[in-house]
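Structure, as structure tokens:
The values are calculated or read from the model by the stated rules, or taken from the named source; none is laboratory data. Every value quoted in this text rests on a predicted model; they were computed, and no experiment measured them. Cβ: placed from backbone, ideal geometry, glycine included. Neighbour counts: every protein chain shown. Side chains are part of the model used for accessible areas, which takes the heavy atoms of the whole protein and leaves out ligands, DNA and RNA. Shrake-Rupley method; radii C 1.70, N 1.55, O 1.52, S 1.80 Å.
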Amino acid sequence: MMKNTFLFISFLILNLGFLEAQKVPAVYVFGDSLVDVGNNNYLTLSFVKAVLPHYGIDFPTKLPTGRFSNGKNAADLIAEKLGLATSPPYLSLVSKFNNKNVSFLNGVNFASGGAGIFNGNDENFKQSIPLTKQVEYYSQVYEQLTQQVEASTLNKHLSKSIFIVVIGSNDIFGYYNSIDLRKKNTPQQYANSMASSLKIQLQGLYNNGARKFEIIGLSPIGCCPISRLKNKTECFSEANLMSTKYNEFLQIMLKELKMKNKNLSYSYFDTYAAIQDLTQNPTSYGIVDVKGACCGLGELNANFLCTPISIVCTNRQDHIFWDQVHPTEAATRIIVDKLYNGLPKYTYPINMEKLIAL
């Protein structure tokens, strides 16, 4: 009897501790490979998958999970900060739609490797799930929730949840890989169009209950290993300039969206500034290599994707980049720390810690 009582009390303490640590009801994630936790694994015709070694080498299971990382990605690490389990990939739950035990109230991840703000050339969404489709999936989830949960309860739940959006890098990669796009749009026109298109999608989320947004700006994508390789190891300045232009348009757009929707709150994270600081002051963060990929082949380990035959660095903590374009878990942890409770030079108008307190 004493033993059972002790176990019961221990169970309560553990669970109460978990509940106290939980800071928001749920997290809903939208975006690209930086936050994909396995949706692309369910796209049978897609080649954009992180399902082979050495992906996941530092994940708790030591196995590939569909995350484009050596370990956990930003979606995992933000969930940790918020005292939550990682929101599951949406496509893993689709087959359970009619199962009453499936609860979308616990959060869902719609992110997809290769996704962009624009649909691109993949009209049938076979290679990735573009943002327009991700938002459409969320609207379906919202409709289902309205049938399962009383309106005021659902509205309160969603208003306290965090909606994370990490998107745009693939659109810029697509711009510089397309002669047609460059003929039709100047970099500034294209970046402005990206922000305008994103505004429509964010408004759609707001119309379906979203109130608190964590919006991630673009990094200096011209400095990732694949861009450096094409530019003889130096950063591709044109792509970086376009990233900064988009970030400027994005911040203007968010202010406009806030003015239109008084109950909307957001935290914008300046990934560009955070990565620049990491690159320019690597030793203060324990980083050694700021240019090359940890997993790959050839110069900067960027000649080819991370595959089972790739060379893999032994100390992943030393590198910013895991593969041609994605950061290591170590670099992502540094970024998420700044995103969560960082200084105003990285977060505007507030950081995520203050956002969840609203």
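Quick look at the values:
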| read-out | value |
| --- | --- |
| Checklist (1) part of a helix (DSSP H, G or I); (2) within 30 Å of Pro53 (Cα to Cα); (3) open to solvent by 50 Å² or more (accessible area, probe 1.4 Å); (4) hydroxyl-bearing (Ser, Thr, Tyr) applied to Ser284, failing item | (2) |
| Count of residues meeting criterion [in contact with a strand residue (DSSP E or B) (Cβ under 8 Å, 6 or more places away or on another chain) and in a loop (DSSP other than H, G, I, E, B)] in segment 287-300 | 4 |
| Residue among Tyr190, Tyr175, Tyr206 that alone is assigned to a helix (DSSP H, G or I), closer than 25 Å to Tyr138 by Cβ and aromatic (Phe, Trp, Tyr) | Tyr206 |
| Gln324 at pLDDT 95 or above, buried (at least 21 other Cβ atoms within 10 Å of the Cβ), outside any strand (DSSP E or B) and not small (Gly, Ala, Ser) | yes |
| Residue in segment 26-45 that is nearest to Thr153 (Cα to Cα), counting only those that are among the aromatic types (Phe, Trp, Tyr) and crowded, with 23+ Cβ neighbours inside 10 Å | Tyr28 |
| Evaluation of Ala75 against (1) modelled with pLDDT of 95 or more; (2) small (Gly, Ala, Ser); (3) over 24 Å from Tyr142 (Cβ atoms); (4) not in a loop (DSSP other than H, G, I, E, B) (one fails), failing number | (3) |
| Among the residues listed as Asp270, Asp289, Asp337, the single one being open to solvent by 30 Å² or more (accessible area, probe 1.4 Å), in contact with an Asp or Glu (Cβ under 8 Å, 6 or more places away or on another chain) and either farther than 30 Å from Ser193 by Cβ or in contact (Cβ under 8 Å) with a residue 12 or more places away in the chain (or both) | Asp289 |
| Residue list for segment 192-203, restricted to those being among the small types (Gly, Ala, Ser), under 13 Å from Gly116 (Cα atoms) and either touching a residue at least 60 places away in the same chain (Cβ under 8 Å) or surrounded by fewer than 17 Cβ atoms within 10 Å (Cβ to Cβ) (or both) | Ser193, Ser197 |
| Filter result (without any contact (Cβ under 8 Å) to a residue 40 or more places away in the chain and open to solvent by 30 Å² or more (accessible area, probe 1.4 Å)) within segment 66-87 | Glu80, Ala85 |
| Selection count where residues are open to solvent by less than 40 Å² (accessible area, probe 1.4 Å) and of a type outside the set (Phe, Trp, Tyr), scope segment 245-267 | 9 |
| Residue match in segment 135-142 (condition: at pLDDT below 80, open to solvent by 20 Å² or more (accessible area, probe 1.4 Å) and assigned to a helix (DSSP H, G or I)) | no |
| Looking only at segment 210-249, and only at residues there that are in a loop (DSSP other than H, G, I, E, B) and either among the small types (Gly, Ala, Ser) or within 20 Å of the chain's Cα centre (by Cα) (or both), the one that is nearest to Leu105 (Cα to Cα) | Ala210 |
| Test: residue in segment 266-283 that is acidic (Asp, Glu), under 19 Å from Pro344 (Cα atoms) and out of contact with any Leu (no Cβ under 9 Å at 6 or more places or on another chain) | yes |
| Residue within segment 179-191 that is among the small types (Gly, Ala, Ser) and open to solvent by 10 Å² or more (accessible area, probe 1.4 Å) present | no |
| Within segment 292-312, tally of residues that are crowded, with 16+ Cβ neighbours inside 10 Å and in contact with a helix residue (DSSP H, G or I) (Cβ under 8 Å, 6 or more places away or on another chain) | 9 |
| Pairs where the first residue, in segment 297-311, is modelled with pLDDT under 95 and the second is open to solvent by less than 70 Å² (accessible area, probe 1.4 Å) and acidic (Asp, Glu), C-beta under 7 Å, 6+ apart | Leu305/Asp323 |
